[in-house]
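Take a look at the structure set out below.
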There are 2 protein chains.
Amino acid sequence: MSDDASPSRAADRTQAILRTTVELAQEVGYAKLSIEGVAARTGVGKHTIYRRWPSKGALFLDAVLTPSEPGLDYPDTGDIVADLRRQICAAVDLLGRPPLGPLYRALVGEAQHNPAVAAALNERFIRPQADKTVARLRRAQQQGQLSADLDLDVAMDILSGPLYFRFLITQEPLSHEYVERVLDALLAGMRPTP
Amino acid sequence: MSDDASPSRAADRTQAILRTTVELAQEVGYAKLSIEGVAARTGVGKHTIYRRWPSKGALFLDAVLTPSEPGLDYPDTGDIVADLRRQICAAVDLLGRPPLGPLYRALVGEAQHNPAVAAALNERFIRPQADKTVARLRRAQQQGQLSADLDLDVAMDILSGPLYFRFLITQEPLSHEYVERVLDALLAGMRPTP
């Protein structure tokens, strides 16, 4: 047809492979997901998949992160508490629940065994999100809405950490009410107010 | 020899299986660890292992947690900040670094794919530690060292979460200096002091 027919077919094939990876992981669980299974269902050769994704972990990372990347941009309404609440609730809704939640949990699990997946998860998702969070916190700090002493890199970790702890370790449900409780504690601090 | 020779041999065999599981995991990594490999090196039948541990994950959990359980008792010197610092630094030294660190990371990774391992990790390690933390925080709150408004269950999560976030997600090194930065931020709170 046109000159770009072949690149566009390749892009369609990539999308089909990523979609199928997610479908299969949801059907059989991450442990039983295989590149062979994805190849069979997509109708492409497994070597085609291995040429682009060196491992099941790398393929799965791409499949889980590709659709969600645009979803977590940081609001700036001028009210840092409202913006944190909105952004963290959006993250919980997207990553802490089905359909994406169990896939994201499996991805973080794989990152514990596969340093390349851990590095790619950080590069593609965690670090860009952290940079946005720190930039938003810095504006709020400059406007006097956050303590001038607040260590912004640590602030990023104390905002994210409790949610990940609940999601990965205690595996209790995440809710907006829980986000509220965490924010209340982080904003007020643990020390008694004089 | 004596009547208790057989239970004592069984206990020795259990210890040998757990020790070998840790050794093999350190040599080949969790992904390549297998009950068959542990059976071969320990010189016991694999069915003997499967009778007690229903999966590789269950065996690995037992092998990682058994030696460390006594290590994280909570000090109570009467100074909550000093005690938190000491306890969290001890946890970081034990779980956040070799030799146990990589094994603990693999265990948490497995918990993301295996709900029975996640439940056992909570029951044997996370919940007892959390109960001790909340009890220590409650005494400090009663003594006026922590804010009367502090939500103690959330306090547990905000104390643990940032460390787990760094350990599991960004995978940057954990240090006592980092523990200090986290404690400073949590104690002071994010809001500007008037």
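Coordinate-derived values only; no laboratory data. Predicted model only: the values in this text are computed from it and were never measured. Quick reminder, even Gly has a Cβ in these numbers, built from the backbone with ideal geometry, and neighbours come from all protein chains shown.
Under a Cβ-only charge scheme (Lys and Arg +1, Asp and Glu -1), can you give me the dipole magnitude of region A:66-188 about the Cα centre, in debye to the nearest 20?
Details: 12 positive and 17 negative charges, 39 e Å.
The calculated dipole for region A:66-188 is roughly 180 debye.
Per-residue mean of foreign Cβ neighbours for A:111-118 is 5 (Cβ atoms of other chains, 10 Å radius). For the protein assembly as shown, lysine pairs with C-alpha atoms less than 24 angstrom apart, excluding pairs fewer than eight positions apart on the same chain, total 12. Counting charges near B:Phe167 (Lys, Arg +1; Asp, Glu -1) among other residues having Cβ under 12 Å from its Cβ returns a value of +1.
Only Cα sites of region A:5-52 enter the Debye sum here, all with the same form factor; the resulting log10 I(q)/I(0) across q = 0.29, 0.32 1/Å is -1.10, -1.22, listed in q order.
Please report the orientation-averaged projected area of the protein assembly as shown, defined via the convex hull of its C-alpha atoms, in nm². Could the numbers behind the result be given before it?
Numbers: hull surface 97.5 nm².
That works out to 24.4 nm².
With 5 Å bins beginning at zero, the pair-distance distribution over Cα atoms of region B:113-194 amounts to 3, 12, 17, 22, 21, 14, 8, 3, 1, 0 %.
Which whole number gives the average, over all residues in A:120-130, of C-beta atoms from other chains lying within 10 Å of the residue C-beta?
Values: counts 0, 3, 4, 0, 0, 1, 4, 1, 0, 0, 2.
The shielding value for this peptide is 1.
Over all other residues within a Cβ to Cβ distance under 12 Å of B:Ile158, the charged ones net out to -3, with Lys and Arg as +1 and Asp and Glu as -1. Note on chain B: dipole from Cβ charges, positive end direction compared against B:Trp53, B:Leu95, B:Gln112; the farthest Cα belongs to B:Trp53. What you get for the protein assembly as shown, charging only the Cβ of Lys and Arg (+1) and of Asp and Glu (-1), is a dipole of about 1060 debye around the Cα centre. Kindly provide the helix-only [θ] at 222 nm of chain A, computed as the sum of -39,500 (n - 2.57) over DSSP H runs of four or more divided by all residues, to the nearest 500 deg cm²/dmol? Here the helix-only value at 222 nm equals -21500 deg cm²/dmol.
Taking the charge dipole of region A:5-52 about its Cα centre, with +1 at Lys and Arg Cβ atoms and -1 at Asp and Glu Cβ atoms, the residue from A:Pro7, A:Gly43, A:Thr20 reaching farthest to the positive side is A:Pro7. Three principal axis extents describe the C-alpha atoms of chain A; from largest down they are 69, 41, 27 Å. Between region A:114-170 and region B:136-191, the C-alpha centres lie 15 angstrom from each other. Across chain B, C-alpha contacts under 8 Å between residues 6 or more apart give a mean separation that, scaled by the residue count, equals a relative contact order of 18 percent.
Proximity of backbone amide H atoms, modeled 1.01 Å from N, is registered between A:Gln145 and no other residue at under 5 Å, excluding neighbours fewer than 5 places apart on the same chain. What does the charge count near B:Glu36 come to, summing +1 for each Lys or Arg and -1 for each Asp or Glu among other residues with Cβ under 13 Å from its Cβ? It works out to a net charge of +4.
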